[in-house]
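A short write-up of the structure that comes next.
The values are calculated or read from the model by the stated rules, or taken from the named source; none is laboratory data. Because the structure is a prediction, the values reported are computed rather than measured. Positions of Cβ are generated from backbone atoms using ideal geometry, with glycine treated the same way; all protein chains shown enter the neighbour counts. Protein only, heavy atoms only, side chains kept; ligands, DNA and RNA dropped before computing areas. Shrake-Rupley method; radii C 1.70, N 1.55, O 1.52, S 1.80 Å.
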Amino acid sequence: MFRQPGPTGPAESMELRSHLKQGGADAGLGPHPPNFILLRSQFLMGLFDFFKPKEDKGFGVDELARRIGIEAELLRAVKPAYREFRVPKRSGGERRILAPDKNLKMVQRLILHRVLARLKSHPAAMGFERGRSIVTNALPHVGQAVVVRMDLKNFFESTKSKRVEKFFHAIGWNNEASKLLTALTTYKGSLPQGAPTSPRLANLVNVRLDSRLTGLAAKAGQRIRRWRNPATGEEIYADPPSKIHLVYTRYADDLTFSLSEDNIYAVSGIVSSARNIIEDEGYEPHLKKKFKIRRRHQQQNVTGLVTNVRVALPRAARRRLRAIEHHLRMGRPATLTPQQLAGWRSMQFMIDSQAPSS
């Protein structure tokens, strides 16, 4: 638009129209208006900037070497090597373990303590974190009406190297350092179960998974006004509206949800939504053998501990331990080795110290 006509407005407007129509030959601008030329040049510059390689920012290998106390060239020369073996699972089958060789394990421990140790995982991640344990994982679920447990298939193998490298980029390492850190902590495209860095990296990489599932629990715990029966489509109204207290925690590949009210539609909604989030994050849940829903009249078990009334060992384990302790006091032989008995005593001490009022 041209400016409003003034004492000389119409004449100036006509001259400008004539100049643009002729292509602005005197200015050497070609057949397009000056504003168009400017916009076109800006667009071309922006297109050039888009395809121009981005600057590789972040800490480099020299800084990584300084932090962990190994010369950069020696660090680059480390060749990851693993020994594979299998151990039996308590639930049946075998677990594949990839144990790093002596040199690699030393480097991984340095990375764990000097690069990863101070980074924060999500509060819902209870496994392999300082100050957290199977007891702190069970505590939030004490006294709940329903406990839902889900297990992830091949948890470490499903945590891919690309996600690990992306994480190292996100915390401030440049391309070379991120690739080197990834090469030193992953094997054949994923986290190796058996490396000292794998549990901690699995927690750090899955902050988004834990955040999404925690958000799901918070949203599902809002005031319930109505539920739709998925089979019939019938709408069921809560009268009066209730608020469900819903909690989520994760111990490695073991996910637990608990609800303060036994509402079949709430439970169904949590399972369905959690499955979608889990699959979107690159994992696959066990929905048969290791999928459990337990209500108040059943034994509610979270990472091996009973949570119906308080955090405790299962009744069968408590009775067996009492019998063994009695046998030892009477001078009779025990059915457990001294190491096994010491382990059970340590477990009981941990429960008493971390959940004294549960």
Every pair of residues 6+ apart whose Cβ atoms lie under 6 Å, when the first sits in the range 257-283 and is without any contact (Cβ under 8 Å) to a residue 60 or more places away in the chain and open to solvent by less than 10 Å² (accessible area, probe 1.4 Å) while the second is in a helix (DSSP H, G or I) and of a type in the set (S, T, Y): none
Condition met for F257 (under 30 Å from V164 (Cβ atoms) and in contact with an Asp or Glu (Cβ under 9 Å, 6 or more places away or on another chain)): no
Under 9 Å by Cβ, and 6 or more places apart or on different chains, what pairs join a residue from the range 342-353 that is closer than 16 Å to P314 by Cβ with one that is basic (K, R) and surrounded by fewer than 15 Cβ atoms within 10 Å (Cβ to Cβ)? Q348/R318
Failed condition for I293, given (1) free of Cβ contacts under 8 Å to residues at least 24 places away in the same chain; (2) assigned to a strand (DSSP E or B), with all others met? (1)
Does G233 satisfy being open to solvent by less than 30 Å² (accessible area, probe 1.4 Å) and modelled with pLDDT under 95? no
Checked pairs for the range 160-187, first free of Cβ contacts under 8 Å to residues at least 60 places away in the same chain, second assigned to a helix (DSSP H, G or I) and surrounded by fewer than 18 Cβ atoms within 10 Å (Cβ to Cβ), C-beta under 8 Å and 6 or more apart or across chains, list as E165/K179; T182/S161; T186/S161
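Results for (1) at pLDDT below 95; (2) surrounded by 14 or more Cβ atoms within 10 Å (Cβ to Cβ); (3) over 15 Å from F168 (Cβ atoms), shown as yes or no for each residue.
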| position | (1), (2), (3) |
| --- | --- |
| Q42 | yes, no, yes |
| M45 | yes, no, yes |
| D49 | yes, no, yes |
| G58 | yes, yes, no |
| V61 | no, yes, no |
| A77 | no, no, yes |
| S91 | yes, no, yes |
| D101 | no, no, yes |
| L104 | no, yes, yes |
With respect to K288, is the statement that it is touching a strand residue (DSSP E or B) at 6+ places or on another chain (Cβ under 6 Å) and open to solvent by 70 Å² or more (accessible area, probe 1.4 Å) true? no
Which pairs do you get when a residue that is farther than 18 Å from L313 by Cα, found in the range 142-157, comes within reach of a residue that is at pLDDT 95 or above and aromatic (F, W, Y), reach meaning Cβ atoms under 6 angstrom, with the pair 6+ apart or on two chains? V148/F257; L152/Y283
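Conditions (1) touching a His at 6+ places or on another chain (Cβ under 6 Å); (2) modelled with pLDDT of 75 or more, marked per residue:
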site: N229; (1), (2): no, no
site: Y237; (1), (2): no, no
site: K243; (1), (2): no, no
site: S258; (1), (2): yes, yes
site: E261; (1), (2): no, yes
site: Y265; (1), (2): no, yes
site: H286; (1), (2): no, yes
site: R296; (1), (2): no, yes
site: V302; (1), (2): yes, yes
If a residue must be assigned to a helix (DSSP H, G or I), more than 24 Å from P140 (Cβ to Cβ) and hydrophobic (A, V, I, L, M, F, W, C), how many such residues does the range 317-343 contain? 6
Among the residues of the range 201-218, which ones are open to solvent by less than 30 Å² (accessible area, probe 1.4 Å) and either farther than 25 Å from I244 by Cα or without any contact (Cβ under 8 Å) to a residue 40 or more places away in the chain (or both)? L201, A202, N203, L204, V205, N206
